[in-house]
1. Give me the accessible area per residue for the chain, probe 1.4 Å, as a whole number in Å².
2. Which percent of the accessible area of the chain is formed by carbon and sulfur heavy atoms (probe 1.4 angstrom)?
3. The range 56-117: percent of C-alpha pairs farther apart than 17 Å?
4. Could you state how much accessible area D161 has, in square angstrom rounded to the nearest 10, with a 1.4 Å probe and all protein chains kept in place?
5. Could you compute Rg(Cα) / (2.2 N^0.38 Å) for the range 3-84, with N its residue count?
6. So how exposed is S101, as accessible area in Å² (1.4 Å probe, rounded to 10)?
7. Taking H placed 1.01 Å from N in the peptide plane, check which residues at least 5 places from L162 or on another chain put their amide H under 5 Å from its amide H.
8. Taking a quarter of the surface of the Cα convex hull of the range 6-53, what do you get in nm²?
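The values are calculated or read from the model by the stated rules, or taken from the named source; none is laboratory data. These figures come from a predicted structure and were not determined experimentally. Please note: Cβ atoms are built from the backbone with ideal geometry, for glycine as well, and neighbour counts cover all protein chains shown. These area figures cover heavy atoms from the full protein model, side chains too; ligands, DNA and RNA do not enter into them. Shrake-Rupley method; radii C 1.70, N 1.55, O 1.52, S 1.80 Å.
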Amino acid sequence: MAKTGTTTQGLRAAIERSGYYPALVAEAVEAAVGGEDVASYVVHQETTFDANEVRRHVTVLVLTPSRFIVSHTDEQAADNSSPSPYATTSTESVKLDRISSVVVSRVVANPESYTPGTVPREVVLTIGWGAVSRIDLEPAACGDPNCDADHGYTGNATADDLSLRVSEAGDGPDTVRQTLTFAQALSEATAATAPTAGR
């Protein structure tokens, strides 16, 4: 369940409502935010099934006037390294001028009768800032079907630091709307920090 809002108190309340180790998650996120104001945020909990285990994961995205903060928390079952279950949490703080792309993919049902403002069935928010890139390569070819020469490879590089998927069926329409609101706020903030040509 994702929640979005614009206050530090709202952020804390959304983390607590998620019910996923709220003291741990809130401490990590609040330490990363520091004294800055919270412009927007999303708290998204995802539950996955791994063989006979249920695993939970929470992602918190926070927009401040100067930074984008992402936090991930995962729970782990007891294993060889730990006799009791444990959780790991991490935060990354990215200056807004480092964000290179904000991609919003929307899946809509019955596009021929789409009405503006209708909640998409699914939204995928992908944010890139250069920490992780994916390269997809394939053999290059020419137009001659009888050619057996080596033309090397062709492909593309994609910034893929964070991808967050929410759906109306799994998370509810409010979550989809909230993710779109956060994406718009982040996109506007990065546009405002973009260097102007000629400077």
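1. Values: 11590 Å² over 199 residues.
Accessible surface, normalised per residue, equals 58 Å².
2. On the way: 5730 of 11590 Å².
Carbon plus sulfur share of accessible area: 49 percent.
3. On the way: 1206 of 1891 pairs.
Within the range 56-117, distances greater than 17 Å cover 64 percent of Cα pairs.
4. Here the accessible area works out near 30 Å².
5. Values: Rg = 14.1 Å, N = 82, 2.2 N^0.38 = 11.7 Å.
In units of the globular-protein estimate, the range 3-84 measures up at 1.20.
6. My reading of the accessible area for S101 is about 40 Å².
7. Those lying under 5 Å, H to H, from L162 are I127.
8. Details: hull surface 15.1 nm².
In nm², the orientation-averaged hull projection of the range 6-53 is 3.8.
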